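Below is one structure, written out as structure tokens, with a few remarks after it.
The values are calculated or read from the model by the stated rules, or taken from the named source; none is laboratory data. Predicted model only: the values in this text are computed from it and were never measured. Cβ sites come from the backbone with ideal geometry, for glycine too, and all protein chains shown count toward neighbours. For the accessible areas, the whole protein counts, side chains as well, though only heavy atoms, and no ligand, DNA or RNA atoms are used. Shrake-Rupley method; radii C 1.70, N 1.55, O 1.52, S 1.80 Å.
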Amino acid sequence: MARHSSPRGSASAREAPLLSDPSGVRNRLVTPLMVLAGVWLLLAAWILGYPFNDAAVDAQRNETGVGIVVLLTAGARMVRPRGWLSDLIVLALGVWLLVAPALIDYGGPDVTPETARTNEVVMGIVLVALAAVSLLLLFRARRGARGEAG
């Protein structure tokens, strides 16, 4: 009795784990995590209960601006998978969040809520990590594609 192949490919190819395809991990895992990070940056001031002083409002504006750009970048990645430029944008935004509390100072350490500073540093680390992982997966996928072609 002969086995016929499915028009959708072999069962083993369909059941291949997500992690075996670097571009799949990049598109199906990293991009949604970027969306979550962007949403968090937009909502963090209310969820964490920033006070309504000038320093906290400045921190909120900074986080909102970064969150909007992260969401737009992740949205563009969902519509059509992007190359390294989207990762560099997210990387730059992550670095900005890491250094912003020190550069902007938001009215001084006595005025700026510790929660706002901590949130920006943590989210900066998250964005840098997501961008770095995404870049590594992109280069790994491209190297694999060159290896298969060569």
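What to note about this one:
- Filter pass, G49 being under 23 Å from N119 (Cβ atoms), within 15 Å of the chain's Cα centre (by Cα) and at pLDDT 80 or above: no
- Pairs where the first residue, in region 85-97, is over 18 Å from T118 (Cα atoms) and the second is hydrophobic (A, V, I, L, M, F, W, C) and buried (at least 21 other Cβ atoms within 10 Å of the Cβ), C-beta under 7 Å, 6+ apart: D87/A131; V90/M34; V90/V70; V90/L127; V90/L130; V90/A131; L91/A131
- Scanning region 50-88 for residues that are within 17 Å of L137 (Cβ to Cβ), in contact with a Leu (Cβ under 9 Å, 6 or more places away or on another chain) and surrounded by fewer than 19 Cβ atoms within 10 Å (Cβ to Cβ) returns G83, W84, L88.
- Looking only at region 28-66, residues that are outside any helix (DSSP H, G or I) and touching a residue at least 40 places away in the same chain (Cβ under 8 Å) come to 5 in all.
- Applying a threshold of 6 Å to beta carbon distances and a minimum spacing of six or more residues, or different chains, the list of pairs starting in region 107-124 at a residue that is at pLDDT below 70 and ending at one that is open to solvent by less than 60 Å² (accessible area, probe 1.4 Å) and assigned to a helix (DSSP H, G or I) reads G107/A55; V111/A55; T112/A55; T112/Y106.
- Residues of region 67-82 that are free of Cβ contacts under 8 Å to residues at least 40 places away in the same chain and in a helix (DSSP H, G or I): G67, I68, V69, L71, L72, T73, A76, V79.
- A37 satisfies every condition listed in (1) under 24 Å from R142 (Cα atoms); (2) open to solvent by less than 20 Å² (accessible area, probe 1.4 Å); (3) at pLDDT 90 or above; (4) of a type outside the set (S, T, N, Q) except (1).
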